[in-house]
Amino acid sequence: MVRRMSGATIVWLRQDLRLADQPALAAAAERGGPVVPLYLHAPEEEGDWPPGSASRFWLHHSLTALDSDLRRLGSRLVVRRGASLPNLLDVARRTGANAMHLCTRTEPLARIRDGLVRRELEAAGIEVVPFNGHLLYEPEIVKTRGGDPFKVFTPFWNACRALGDPLPPRPAPSRLEAPPAWPVSETIAGLGLLPQPDWAEGMRFAWRPGERGAQQRLAEFLRDGVNDYATGRDRPAAAGTSRLSPHLHFGEISPRQVFDAARDRNGSAAWLREIGWREFAHHVLHHFPHTPEKPLRPEFDRFPWRRDPDRLAAWQRGRTGYPIVDAGMRELWKTGWMHNRVRMIVASFLVKDLLVTWQEGAAWFWDTLVDADLANNTLNWQWTAGCGADAAPYFRIFNPILQGRRFDPEGEYVARFVPELLRLPASHRHTPWLAPARALEEAELVLDEDYPRPIVDHETARKRALLAFQTIKARSRPGSRREV
DNA sequence: TTTTGAGTTGTTCGA
DNA sequence: GTCGAACAACTCAAA
């Protein structure tokens, strides 16, 4: 009896490190023939945005989890390093693959590289099939009536929702056929993704990378968090947010799975809007690929940013003297993540109080966040700086004292990450420099030694920022209407 | 083409 | 303490 033999299919895994609802993998399994799951480590192909330290830590554990999950299906993860194209050609030759499946990415350089790889593989007789695995709605199908990309979130999200619900997620394949011989593979440890020396203790404690960890996190959030999300998400001391961002970034869970789990839940609308913001960020990066480096609003090229390495370093290390800012920056350093409310506060502080460019902030977040995602990072920093899509009005300047008091009223979050302030009564936790001498003594806290005084006075800094914003307003005002 | 309504997350000031 | 207005127009998106 003759059975038609398909050639092998390579599934090039990148930021879609899961087995369930993974369209490239599902289609490979359905195609018949051997499936070769492949991870290529080529940070040099990511331009200025290779995975940062925290992302590499995550990636190591995510790949390890994926390999172990694949082995349960009779398969394994092939790992290679170095340029993508020669590796793909080599793996195809050794396995007899005549097709390569992949999920698309949004990052500009990845798209260019993928297009090049596709042409070369097709020239070598290998069919290349891209799938959408990382977005609910592909950037090209969401358009204004005029056919343009959206630059404002609400109409963008309305237009998405008008397209109807995304398809329901699909289960993982139950089995994957192995090739007759596995091509040579690096070990995951051999990629050298883990930090040396090992500073990742806090991150190992805080996270469980991988598909199972993602599903567990989702289940916990649906049980404990989603009902109170609208208010709970603003309390950094509480576990009111989903904390799915790193899992989503690495594709350990798909947005379709998230959507499907949330759709009929009480209180899920506000949360799904956040998934919408993720979609919007990818939409904007897709259509405006220069935005990781340049402001979307070109007049911001003239903004009078200040070079201030000392204060930038104080911000990075959590030594600004504003406890809510410092707690956030230290949470980031310790756990690779920061609560969303606090991200806005620290970002506003860097950009508006210190007048340091949003690019510096974006670069620091890129290196330290486990959920570092070029689309989200870019959109959110530009949003804070006022130079991006649907940006915050420039006069919206967060007051770190008020924000601290409002969203961390007991100073619980501050005490957790700035332990020097633990013994101060809650009423002084957000303003230690205003605490009476006796309170400081009782807390055994010496200002400037144990904890710094504010590196800028917020009131002064706020006025300075408003003036700085006026300089680009004044010059860009078409009051001196362009002579025609 | 022109018009119209609207726009994630804030703060301060003065009544 | 609470409340509304001002902050500054501008751009976006749809009708």
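Rule-based calculations on the coordinates, nothing more; no lab input. From a predicted model like this one, the values you see are computed outputs, not experimental measurements. Because the Cβ atoms are built from the backbone with ideal geometry, glycine has one as well, and the counts that use them run over all protein chains shown.
Give me the angle, in degrees from 0 to 90, between the Cα long axis of helix A:211-224 and the longest principal axis of the Cα atoms of chain A, rounded to the nearest 10.
50
What's the angle, to the nearest 10 degrees (0 to 90), between helix A:323-335's Cα axis and the longest principal axis of chain A?
It works out to around 20 degrees.
May I ask for the equivalent-ellipsoid semi-axes of the range A:361-400, computed as the square root of five times each C-alpha gyration tensor eigenvalue and listed largest first in whole Å?
Each semi-axis is the square root of five times an eigenvalue, giving 20, 12, 7 Å.
Of A:LYS151/A:LYS294; A:LYS334/A:LYS463; A:LYS143/A:LYS352; A:LYS151/A:LYS463, which sit over 25 Å apart, Cα to Cα?
Details: A:LYS151/A:LYS294 16 Å; A:LYS334/A:LYS463 33 Å; A:LYS143/A:LYS352 33 Å; A:LYS151/A:LYS463 29 Å.
Violating the 25 Å limit, Cα to Cα: A:LYS334/A:LYS463; A:LYS143/A:LYS352; A:LYS151/A:LYS463.
Counting pairs of alpha carbon atoms under 8 Å apart in space and at least six apart in sequence, what relative contact order in percent does chain A give?
17
Quick one: divide the alpha-carbon radius of gyration of the range A:131-193 by 2.2 N^0.38 Å and tell me what you get.
1.88
Distance between the C-alpha centers of the range A:248-279 and the range A:105-182? Whole Å please.
A separation of 17 Å, based on Cα centres.
With an 8 Å cut-off on Cα pairs and a minimum separation of 6 or more residues, tell me the relative contact order of the range A:298-473 in percent.
27
How much of the DSSP bridge set in the range A:8-134 is antiparallel, in percent, rounded to the nearest 5?
In the range A:8-134, approximately 0 percent of DSSP beta bridges are antiparallel ones.
Where in the range A:266-332 are there trypsin sites (Lys or Arg not before Pro) that are in a DSSP coil and have at most 14 other Cβ atoms within 10 angstrom of their Cβ?
Counting only loop positions with at most 14 other Cβ atoms within 10 Å, the trypsin sites (Lys or Arg not before Pro) in the range A:266-332 are A:ARG306, A:ARG307.
Could you give the alpha-carbon Rg of the range A:8-134 over 2.2 N^0.38 Å, rounded to two decimals?
Here the answer is 0.99, to two decimals.
Any chance you could check the Cα centroid distance between the range A:348-384 and the range A:422-445 for me, in angstrom?
After rounding, the separation between the Cα centres reads 31 Å.
Would you mind classifying the range A:216-301 by shape? Square roots of the alpha carbon gyration tensor eigenvalues, ordered a ≥ b ≥ c; an a/c under 1.5 is rounded, otherwise it is prolate if a/b is larger than b/c and oblate if not.
Judged from the Cα gyration tensor, the range A:216-301 comes out prolate (a/c at least 1.5, a/b above b/c).
Averaged across orientations, what area in nm² does the convex hull of the alpha carbons in chain A project?
Details: hull surface 107.2 nm².
Quarter of the Cα hull surface area: 26.8 nm².
For A:ILE112, A:ILE401, A:ILE324, which order do you get if you count the other beta carbons within 10 Å of each Cβ and list the fewest first?
Least crowded to most crowded, the residues run A:ILE112, A:ILE401, A:ILE324.
Of the DSSP beta bridges with both residues in chain A, give the percent that are antiparallel, rounding to the nearest 5.
Percentage antiparallel, nearest 5: 0.
On the first, second and third principal axes, largest extent first, how far apart are the outermost C-alpha atoms of the range A:298-473 in Å?
52, 35, 28
Using only Cα atoms and rounding to the nearest 10 degrees, what angle (0 to 90) does helix A:458-476 make with the longest principal axis of chain A?
Here the helix axis deviates by roughly 60 degrees.
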